[in-house]
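Novice: Okay, here's the structure, questions in a sec.
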């Protein structure tokens, strides 16, 4: 099981590495439809297969069901790290791939063809990843079930705590957590024997994360929060029963399992962790990274090709940043300008409230500009929240959590207020455009709300599309009325430079022998990012190989497609129609997106 697939099974979130699909498939769909009746029959047969597949997927991964707002499996939690579960998952992927291929694609067109292309590539990707032993690397500072469990069990995340049944569901689910942690320990021991271990620089960050969760008294634990916030309409008998049951769960099951996990990592595993940081240092690591690159970018570009693109983009963007330096009248060179932007107090927030108020102001400003560029909008509600304290130190500056399928849980833009001096005012507008509106919140919510699509498509996540689209949204800030302050425009350039540097640094670390320190120095030299942010980002790339390559790869493709549409359609080009076409079918592999947009452009003449 490859590492990114394992993360999905464990976390079921978009923050972690989402599944991406290889560009090639062994059964190539035909673009020429056959006679109507056979094609219609085949499409109906495939639609039923997709529906059955989705139901089977939710049973296999009940956490995913919870995160999308399907409550049927809220009491279930399989041991995702066990050999039995991994074997069952592999059989599942192979069987559904074979079922779809047996039906075939001849005669399909339109949405039926798109669905078939996506399904085949999705399942082929999963099958191709079976050779890689991601279960032997079950935890790091980003991919951490121990923290996800706290988010779920604290009552502030996807796990609901509104009814007595909700409370009992969590008791049943949380009671299975200790066995997973014990399996994680066993898998790490096997990883030590096989030479598949985490870098030490990652695991030293895990210890304080676990320490922040471990409490001597149940009442001091975040897992106790549902008891503190128990609905008033619960009966006295239920309140008493649940209070006692949660005290037992936390004191006698969860906290001992957290201590076992923490003690093993600190006192045993840490001595076996490696000084290297790249995937190429692991057994079969070069092939593993090449696979991650292919699936995360949905292209056939090699690490070396991506590295070269990154170097070129870094140089181009640096010239634009220097031009902005001249525009604002700064007299020093670009390097000193970057230092000025990072250190001058005028660019810092005076308080957490000031930071959150600033983002709420950006929210209002963006929404005024949205109607110019977008005619398709999500129905799901949206909120801005600070990142929880227990995970803030290792979290990114901002991140998005999608809404539930029914819209009852809003889309959430989490803003990190840890190390407040490192959060810059000039970084607000571009970050909001990416993580919130019209970036992730629009794209993911609109995709989930497309009830005419098969369920697997409504929740498909192709990083090159998802993150590429969000980065593209940063580049259209002027159109939305943003970047009127040139320093906010600098924030956009800084963010784009950040993603360009990722192409250089990620491939450098995992394919070209770069050290952690070399990667940090490169990013500090080419940006105004703080040492805190740079260190967290480099360690993210170490923990999530190739995931960071998706952003710039996807953005460059979408930007190219828009330029092509503008050039070929001339006066007929309508940016609102372009964005609707870009968003209405959900996330796609880039090759499929390219074909779809080419057909759309041709249809507009």
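The values are calculated or read from the model by the stated rules, or taken from the named source; none is laboratory data. These numbers were taken from a predicted model, which means no experiment stands behind them. Backbone-built Cβ (ideal geometry, glycine too); neighbour counts: all protein chains shown.
Novice: (1) in a helix (DSSP H, G or I); (2) touching a residue at least 24 places away in the same chain (Cβ under 8 Å): which one isn't true of residue 107, the others all being true?
Specialist: Here residue 107 clears every test but (1).
Novice: Would you check which residues across the stretch 231-244 are within 16 Å of residue 155 (Cα to Cα) and in contact (Cβ under 8 Å) with a residue 60 or more places away in the chain and list them?
Specialist: 231, 242 - these are the residues of the stretch 231-244 that are within 16 Å of residue 155 (Cα to Cα) and in contact (Cβ under 8 Å) with a residue 60 or more places away in the chain.
Novice: Still on this model: Considering each residue of the stretch 249-281, count those that are assigned to a loop (DSSP other than H, G, I, E, B), touching a helix residue (DSSP H, G or I) at 6+ places or on another chain (Cβ under 7 Å) and surrounded by 15 or more Cβ atoms within 10 Å (Cβ to Cβ), and give that number.
Specialist: 3
Novice: Can you tell me which of 404, 422, 394 is more than 24 Å from residue 523 (Cα to Cα), modelled with pLDDT under 95 and touching a helix residue (DSSP H, G or I) at 6+ places or on another chain (Cβ under 8 Å)?
Specialist: Selected residue: 404, the only one of 404, 422, 394 that is more than 24 Å from residue 523 (Cα to Cα), modelled with pLDDT under 95 and touching a helix residue (DSSP H, G or I) at 6+ places or on another chain (Cβ under 8 Å).
Novice: Consider residue 223 against the criteria (1) farther than 21 Å from residue 513 by Cα; (2) at pLDDT 95 or above; (3) under 26 Å from the mean Cα position of the chain (by Cα); (4) outside any helix (DSSP H, G or I): it satisfies all of them except one. Which criterion is unmet?
Specialist: All conditions pass for residue 223, except number (4).
Novice: Sticking with this one: Could you figure out which of (1) part of a loop (DSSP other than H, G, I, E, B); (2) in the same structural domain as residue 437 (by TED's automatic domain parsing); (3) modelled with pLDDT of 95 or more isn't true of residue 518?
Specialist: It fails just one condition, (1).
Novice: Additional query: For the stretch 393-478, please list each of the helices (runs of 4 or more DSSP H) lying entirely inside it that holds at least 3 residues being touching a strand residue (DSSP E or B) at 6+ places or on another chain (Cβ under 8 Å) and closer than 28 Å to residue 325 by Cβ.
Specialist: 428-435
Novice: Collect the residues in the stretch 530-570 that are touching a strand residue (DSSP E or B) at 6+ places or on another chain (Cβ under 9 Å) and assigned to a loop (DSSP other than H, G, I, E, B), keeping them in residue-number order.
Specialist: 530
One line per residue, one yes/no per condition, for (1) closer than 18 Å to residue 399 by Cβ; (2) modelled with pLDDT under 95:
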residue: 429; (1), (2): yes, no
residue: 433; (1), (2): yes, no
residue: 437; (1), (2): yes, no
residue: 443; (1), (2): yes, no
residue: 448; (1), (2): yes, yes
residue: 458; (1), (2): no, yes
residue: 466; (1), (2): yes, no
residue: 471; (1), (2): yes, no
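Novice: Moving on. Can you tell me which residues in the stretch 352-384 are loosely packed, with under 15 Cβ neighbours inside 10 Å, in contact with a helix residue (DSSP H, G or I) (Cβ under 7 Å, 6 or more places away or on another chain) and assigned to a helix (DSSP H, G or I)?
Specialist: Of everything in the stretch 352-384, those that are loosely packed, with under 15 Cβ neighbours inside 10 Å, in contact with a helix residue (DSSP H, G or I) (Cβ under 7 Å, 6 or more places away or on another chain) and assigned to a helix (DSSP H, G or I) turn out to be 352, 372.
Novice: While we're here: Go through the stretch 132-203 and tell me which helices (runs of 4 or more DSSP H), entirely inside it, have 3 or more residues that are buried (at least 21 other Cβ atoms within 10 Å of the Cβ) and touching a strand residue (DSSP E or B) at 6+ places or on another chain (Cβ under 8 Å).
Specialist: Fully inside the stretch 132-203 and qualifying: nothing.
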